[in-house]
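What follows is a single structure, written as structure tokens, with notes after it.
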Amino acid sequence: MNLATAFANHAEKHAPKIAIFWGETEISYAALLAQSQTVAARLQTRFGVKPGDRVALWVKNCPEFVPAVFGILSAGGVVVPINNFLKPAEVGYIVNDAGANVLITGAELAAHFEALKAVRPSLEMLRVEEFSALNPSAILHSPSSCSENDLAALLYTSGTTGHPKGAMLTHGNFLHNVASCVAALEVREDERVVVALPQFHSFMFTVGTLLPVLCGGGILLLKTLHPFKQVLEEIARHRGTILPAVPSFYRALLAVPEFGRLPLRLCISGGAPLPVEVFNEFTRKFPFPLREGYGPTESSPVATVNPIHGINKPGSIGKPIPNVELSIRDEAGGELPVGAIGEICIRGGNVMLGYWNQPEETAKVLRDGWLYTGDVGCRDADGYYFITDRKKDMLLVNGINVYPREIEEIIYQFPGVKEAAVIGMPDARRGEKPVAFVVAVEGQTLDERALLQFVRGKLADYKVPKRVIFMPVLPRNATGKILKTTLRQHPLG
């Protein structure tokens, strides 16, 4: 069994049923399967994609994302979904690191293809606009014979070294995670999962794409989040039942004036900590439950969720989903008792094989069968888990990991910069925002606007600092290490 055959089985079983809702457009399972197989055939015949070959997928949210994913998998390829907010230099790094020779993209992002080809000369392109013109009867498709142990996707997650790392996830990892989510969320064949977040995100890749189509449900793909009232109208019109989103989405939902009854039966919050006040206000306003969950990309990604029935604990990430184990461990790998704070570790069939071409980084996080997440937390007597801190220095901007080191490295490239340190500051809309503290070379004066323009040209917009604070020196401890805890207490003015 692999993802492609699992999808084909459901698509044949539910052939006339609508699989994707996209504004006025409705796509049946039969049409989705035909398009996926046609994409697979094109990848095999025109581009020579063989089992195990990586195929990059760089698109903004669109229905074609789904046949692209299953087309790659059906051809035996490995999907490499790329963040559509990244700049060409960032995308070029991922494409090259993954060793991808084919890029599936849309017209707007295709404008950057030459820049990517300069980094990887062997790269070829297939536009999603070509999908509808492909003739399924003209080319034969050899279906994938991949096993559960074969690689299905490389999901790139921001790295502490300044470059993203590709989490190697197998067909079995995703099938395991989908099955666990189906059990934990009591997913039925008539579900319609609302996709409001970017499809490249691991949360949406599994819960927003794989989950609905591997259980015969539907994907309600939102065209826009603005105005927000239109989002609610779409959910109501297409009868969305499950809404997975980040806390900032629910904060925005609460700000909408009274709206008619929504068909939702369950909302899930992930990607960032859910503020207790947001949960409490949501519970007062809406009749359907909001449940917080948790999971890093490396675990496919879902690891925990608060139970749909029974006790829900605000501020908790809940309990492990079926067939997944969690443990709180000390630095030596010893298991800690109830209430003790340590590193959250995950074990189960959803845990990645490791990081692509990074054995040393893999060895740091995969030990004795456990994934060491780098997140710090504890477990209570009822088996509920709580995160008390996050990966060192990491920011969560709209639920997306941002590592300061990457931003600092770019700032250091700006002429006249002597030192730089980036921290996260609370932001009501995004969860956190990057703030840079910069020391200029002696005798030089730096311009904040010019510095930010320089950074914006090299990094995705959400990584660009919202403020630059110039200082004569950065605070350090006795060993010379920059004290970011001190910087977090600095008034922004």
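List of remarks:
- Using θ = phi - 60° and Karplus 6.51 cos²θ - 1.76 cosθ + 1.60, couplings along region 324-330 (whole Hz; Gly, Pro as x): 10, 10, 10, 8, 9, 10, 8
- Three-way shape label, region 21-105, alpha-carbon gyration tensor, a/c 1.5: oblate
- Whole-Å distance, taken between Cα centres, linking region 187-257 and region 376-431: 26 Å
- Using the average count of surrounding beta-carbon atoms within 10 Å as a protection proxy, the listed peptides 28-37, 256-265 rank, highest first, as 28-37, 256-265.
- Cut-off under 5 Å, modelled amide H: who pairs with Arg192 long-range: Gly218, Thr241, Ile242
- Membrane-span-like helices in the chain, defined here as complete DSSP H runs extending at least 18 Å along the helix axis by their C-alpha atoms with mean Kyte-Doolittle hydropathy no lower than -0.5, are 29-45, 171-185; this is a sequence and geometry rule, not a statement about a membrane.
- Among Ser145, Ser299, the ranking by other beta carbons within 10 Å of each residue's beta carbon, starting with the fewest, stands as Ser145, Ser299.
- Of the peptides 151-158, 277-284, the order by per-residue mean of other Cβ atoms within 10 Å, starting with the highest, comes out as 151-158, 277-284.
- Amide H contacts of Ile321: Thr304, Val305, each under 5 Å away and 5 or more positions distant or on a separate chain (H built 1.01 Å from N in the peptide plane; Pro and chain starts excluded).
- Mean Cα-pair separation over length for region 1-142, i.e. relative contact order, pairs under 8 Å, 6 or more apart, %: 25 percent
- Listed from fewest to most Cβ neighbours within 10 Å, the set Met125, Met168, Met1 follows the order Met1, Met125, Met168.
- With the convex hull of the Cα atoms taken as the outline of region 63-190, the averaged projected area works out to 10.3 nm².
- Shape analysis of the chain yields a ratio of the Cα radius of gyration to the Kirkwood radius, Rg/Rh, of 0.96.
- Ranked by the mean number of other Cβ atoms within 10 Å per residue, highest first, peptides 76-82, 128-134 order as 76-82, 128-134.
- Sequence of Trp58, Trp370 once ranked by neighbouring C-beta atoms within 10 Å, starting from the fewest: Trp370, Trp58
- Beta bridges per DSSP with both ends in the chain, % antiparallel, nearest 5: 60 percent
- Anisotropy class of region 395-488 from Cα gyration tensor, a/c 1.5 cut: oblate
Read-outs throughout are calculated quantities, based only on the coordinates presented, and are distinct from any laboratory measurement. Here the structure is a predicted model, which is why all the values come from computation and not from measurement. Because the Cβ atoms are built from the backbone with ideal geometry, glycine has one as well, and the counts that use them run over all protein chains shown.
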